[in-house]
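The values are calculated or read from the model by the stated rules, or taken from the named source; none is laboratory data. The structure displayed is predicted, hence computed values, not measured ones. Please note: Cβ atoms are built from the backbone with ideal geometry, for glycine as well, and neighbour counts cover all protein chains shown.
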Amino acid sequence: MRFKAICLIICSLFTAPKTEALEICGDLKQGELLLIKGANAKEIVISDNLQDKEYKVYDNGIALIALHRDAPPKVQLRVYNYADATTFYDLQIAPMKWDIQRVNGVAQHKVTPNKQHQKEINRELADVNKALTTRSDYNFWKQGFILPVDGRISGNFGNQRVFNGIPKNPHSGTDIAASAGTPVKASGSGKVVLSGKDYFYTGNMIIIDHGAGLQTIYAHLQKAVVKNGDEVKQGDIIGYVGQTGRAVGAHLHWGASLNGVRFRPHSLLNINDKRCKKMQENIWGNK
Ligand SMILES: [Zn+2]
């Protein structure tokens, strides 16, 4: 696995009387999750042309933020601190070259749904939207995350997808190829906020809430073995790989959402990185 975590000290680009340091752990690229720490921060807002959202701040000014797949080259953070001062930071975001992924052999009715299917799609969208707007006080995300299944990556996050020659929305997660029936593990501990069946696009799908507005998504399952409201521990088997919904071949679609922003799920693993852990130790006194 290749990922690089960086810790930067970025000084305010504005000439505030007293410049507060901002620590960042993660990659400053489109579609990435970042762990950040702002001195004395009580409120952190990320602002660009795609989002203007407040991210929950934990003790000692730590917060998780997600960079949008299409984030512009410059994203502004506003950090409000306990001294009632506001510091502005401009983050330079590296653009990604998203691939075009052509998928052929998809059942045509899954590419151009009719009215009857649209009703099913609306049920799916409503359920998913409700699950991804869950906001809990859980701190499960602090434990870090693991891969839910081992396998070859068969579809990257962010790819522009073309099904049977028809362009569709960018890929909202990462596909991991594995044999049908392979156990799928919970990437992190949390509470199941959706265990839905027979969805048009995602088939059988589970969404787990980890706190901080962060959820992970597991789709196209052959079978789910947890239900809404269940609490799961990291590594627990929650279902089995399948190809339900709009899937060609058995694989797990693994997704992640923070504050409603989908990001590359593998960047969750950055939280386990030594330097991110160091940041966590300073804050929570973890070993
Ligand atoms: Zn997928």
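All conditions in (1) within 12 Å of the ligand (Cβ to nearest atom); (2) at pLDDT 95 or above; (3) more than 22 Å from Tyr55 (Cα to Cα) hold for Val248, with the sole exception of (2). Tell me the strands (runs of 3 or more DSSP E) entirely within the stretch 1-119 that contain at least 2 residues that are modelled with pLDDT of 90 or more and hydrophobic (A, V, I, L, M, F, W, C). Filter on the stretch 1-119 gives 22-26, 33-38, 41-47, 62-66, 74-81, 86-92.
Does Thr112 meet the test of being touching a residue at least 40 places away in the same chain (Cβ under 8 Å) and within 27 Å of Lys277 (Cα to Cα)? Spelling it out, it is not the case that Thr112 is touching a residue at least 40 places away in the same chain (Cβ under 8 Å) and within 27 Å of Lys277 (Cα to Cα).
If you go through the stretch 228-243 one residue at a time, do you hit one that is within 13 Å of the ligand (Cβ to nearest atom) and either on the phi > 0 side of the Ramachandran plot or touching a Phe, Trp or Tyr at 6+ places or on another chain (Cβ under 7 Å) (or both)? Taking every residue of the stretch 228-243 in turn, none turns out to be within 13 Å of the ligand (Cβ to nearest atom) and either on the phi > 0 side of the Ramachandran plot or touching a Phe, Trp or Tyr at 6+ places or on another chain (Cβ under 7 Å) (or both).
Go through the stretch 67-85 and give me each residue that's touching a residue at least 24 places away in the same chain (Cβ under 8 Å) and either assigned by TED's automatic domain parsing to the domain that holds Ser257 or out of contact with any Ser or Thr (no Cβ under 8 Å at 6 or more places or on another chain) (or both). Hits for the stretch 67-85 are Leu67, His68, Arg69, Asp70, Ala71, Pro72, Lys74, Tyr82, Ala83, Ala85.
Among residues of the stretch 139-155 being surrounded by fewer than 18 Cβ atoms within 10 Å (Cβ to Cβ) and of a type outside the set (Gly, Ala, Ser), the one that is nearest to the ligand (Cβ to nearest atom) is Ile153.
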